Structure formats: structure tokens, C-alpha cells
1. Can you compute the modelled spin-label distance between Lys332 and Lys175, with each label point 7 Å from Cα toward Cβ, in nm?
2. Taking the DSSP beta bridges in the chain as the whole, what percent of them are antiparallel, to the nearest 5?
3. How big is the gap, in Å, between the Cα center of segment 90-168 and the Cα center of segment 262-292?
4. Please compute the alpha carbon radius of gyration of the chain, then divide it by the globular-protein estimate 2.2 N^0.38 Å. Two decimals is fine.
5. Taking every pair of distinct Cα atoms and averaging 1/r, then inverting, what Kirkwood hydrodynamic radius in Å comes out for segment 239-336?
6. For segment 1-84, what is the Kirkwood hydrodynamic radius in Å, using each pair of distinct C-alpha atoms?
7. At 222 nm, what helix-only mean residue ellipticity would the chain give, in deg cm²/dmol to the nearest 500, using -39500 (n - 2.57) for each DSSP H run of four or more?
8. Starting from segment 80-181, pick out the trypsin sites (Lys or Arg not before Pro) whose DSSP state is loop and whose Cβ has at most 14 other Cβ atoms within 10 Å.
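The values are calculated or read from the model by the stated rules, or taken from the named source; none is laboratory data. The shown structure was predicted, so the numbers you read here are calculated from the model rather than taken from an experiment. Positions of Cβ are backbone-derived with ideal geometry, glycine not excepted, and every protein chain shown enters the neighbour counts. Surface areas here come from the heavy atoms of the whole protein model, side chains and all, with no ligands, DNA or RNA. Shrake-Rupley method; radii C 1.70, N 1.55, O 1.52, S 1.80 Å.
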Amino acid sequence: MHKILITGGAGFIGSHLTRLFVRKYPGYTIVNLDKLTYAGNLENLRDIENEPNYHFIKGDITDLNLLRNLFSAHKFTAVLHCAAESHVDRSITDPLAFINTNVLGTASLLQAAKEEWAGDYENKIFYHISTDEVYGSLGETGFFTETTAYDPRSPYSASKASSDHIVRAFYHTYKMPVKISNCSNNYGPYHFPEKLIPLCIHNIINNKPLPIYGKGENVRDWLFVEDHVRAIDVIFHNGKIGETYNIGGHNEWTNINLVKELCRQMDDKLGRPKGSSEKLITYVTDRAGHDLRYAIDASKLKKELGWMPSLQFEEGISKTIDWYLANTEWLKHVTSGEYQHYYTEQYHKR
Ligand code: NAD
Ligand code: TYD
């Protein structure tokens, strides 16, 4: 019976992970610690907020005293660490916010867990959720494996790479029972519309331009978010301590082809004439240091733990679009206020 501290549970992936654990493991106690930055939203958890095994605490993972108090009060047996600053474009504008939360925040969590567990690691797990972006950028061929050398190139990926190294340092130095997974790009419900897929869905609904960086030839490997959190569940329960697992969809798309697929499906669902959304595609100034291609080799996870993605991309995208069309209030709430300012700053200069 675990008492789990989930960090960043009000964000995109964190909310799916929290929902899965709260529902699937009623015997576990789940405490969600989230600072509720622009990306954290308690509306993402409305359907589980009254479950008896779920508790929310608003707080910052860089606040070591808060963490010490929480560990001491709740006697956590496990941490599922999702909280992070997660958007590459924001990391280009404000790198220090990423170093602070992703590096210092992760180190603070490890320190608080280490102090509380005090060398008694039986039935304890510190699970760090990370990204494939730590491996850098691929050329046209090849895949990232768990032994690919780290080569991060954006402030976001460098801060995540640093946090991965610190987690491993606690494993090697203090024998902390850690697990790490590095996943490819996620998509699905509750995805904040600063990222490519939800941003384009939102703009197509509102007949606004679809900004494609550079020539749209960059490649990403997309995985449905529920498949990601299913993989985390499997690794959490059956993965080996001290190991890293890559998680990916074997589902590579150039940005331009992906956006065209979105346009095709949305014309259909919105009853618009074929080809009308594609006319919104607008090529804009490229992202600085834009990584060309990410692609994950997830064969270790398949071979050792039997995990595979469950959804084909076209089906996952269709489910995702349907969710956004059915949740226009959610979209309205998250795109008011700060989002308008962000959007103007990011896109009007491109
Ligand atoms: P997100 O930006 O949607 O959510 C991040 C959450 O963390 C928010 O709820 C936010 O309020 C919270 N948070 C931020 N700073 C905090 C702080 N200092 N203290 C407490 N809470 C804080 O991010 P996401 O896309 O859900 O990503 C979650 C994790 O998964 C991140 O670690 C990210 O690096 C990793 N990841 C994301 C993807 C992806 O495609 N989105 C892919 C692979 C890995
Ligand atoms: P994003 O969703 O920000 O994820 P990441 O940068 O972590 O992979 O971007 C996915 C791809 O889409 C990436 O190659 C950048 C590109 N992109 C655009 O072309 N236009 C946009 O408005 C955004 C947000 C991203």
C-alpha cells in the first residue's frame, strides 16, 4: 500500500497520471503537490477531486521546508515527479525559471525524500518523469536508446538532463531507489494550447493562422498521453530500481504533415469544406536551436515489461479533437488572461 506524492498533478501528463492512480489503486493515498503555474489547472482533476484517496496541496517543489514538512506528516513511500516547466519556447525566453524548477526543484525533492527515508529504502520508489529531448537531436535516421549519450540543446532539455543526472547521482551515491523514464512528445485531452497540437486545434476552431516554424520539416514521435501514463504505471510497479526506460510511440510525423492531418480531420468534424483549414497554415520564423528530429526506441520497455502503445495516431488524434470540441469551456478558461499576453509576445514578433 503506497502513500504517493505526485508533483505537478494539475498539469497535462500529471493529471492523467493522478487520475489513473487514484482510480486504479483505491488502497493507495495520493497527494498532489502543485504550484498551479499557468500550466497547472485544477479543472483537469474535477472528476476525481472528491475521491477519498486523493488530496491536493498547493506548493512549490523548490520549497525544501515545505517538502520536509510534507514528508514528515504524510510518510510518503513513493514520489512520482512530474512537476516541471515544460515548454521549449518559454525556456528560450526565460531559462532561469527552468533551472529553478527543473533542477533545484528535483534536487530539493530528492533531498527531502533522502532525509525522511534515512536509508530505509524498503518499498520506497522515487520515480522521475523525463523527456527524450535530453538526448539532443537526431539526423534523418536512427533512434534514441537508453544508452544514447545526453546532448541537450535547449534550456528546457538541458534543465531536464541536469535533473536526470542528479536523480542518478542520488542512486549511485546514497542508494536512493530511483527509476527514470524518458518519453517522446505526448498529445491528448487537457494539453495546454501552447504546444503544437492543442494550439492548432484551438486556432482551427477560431479560424486563426496555424504557425509552422521554419519549413515544418522537423520530426516528432507522438504518443497518446494515456499510453504514457500506462507505461509509468508498469515501470513504477515492475521496472527495476536504478534503471531508465525509454517510452515512445514509433509514430514519427513531420510538423507540416501532422498539421495537415489535423486540418483534414477538423474540416470533417466541423462540417467545413475540404481544404479550408489548410489555408490557415502560415510559415513563421523558426525556433532558435530547433531540434530536427526525435525518435524513441522503446524496445527495452516492450521486451522487459510488455508495454506497447495501444492507439494508432489517427485514432488518438480523432479522440483528442473530439475532446477539445466537447470541452470548449475548458479551452476558453485556459486561453483567457495570461495566455493572450503569451501568444502576442511569442507570435507577433515571428
Ligand atoms: P505541464 O507544463 O502541462 O505541467 C507541469 C505542472 O507542474 C503544472 O501543473 C505546474 O503547475 C506544475 N509546476 C510547475 N512548476 C512547479 C513548481 N515549482 N512546483 C510545483 N509544481 C510546479 O507539463 P507536462 O507536459 O504535463 O509534463 C510533465 C512532465 O513530463 C515534465 O517533467 C515534462 O518534462 C515531462 N514530459 C513531457 C512531455 C510532453 O510531451 N508534454 C513528454 C515527455 C516528458
Ligand atoms: P512543441 O509542441 O512545442 O513540443 P517540443 O518542442 O517539445 O517538441 O512543438 C512540437 C514541434 O512543433 C516542434 O518541432 C516545434 C513545432 N511548433 C511549430 O511549428 N509551431 C508552433 O506554434 C509550436 C508551438 C511548435
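1. Here the answer is 5.8 nm between the modelled labels.
2. Counting only bridges with both partners in the chain, antiparallel ones make up about 10 percent.
3. So the two Cα centres are separated by 32 Å.
4. So the Cα radius of gyration is 0.97 times the expected 2.2 N^0.38 Å.
5. 16.8
6. 12.5
7. -12500 deg cm²/dmol, from helical runs alone.
8. Passing sites in segment 80-181 are Lys175.
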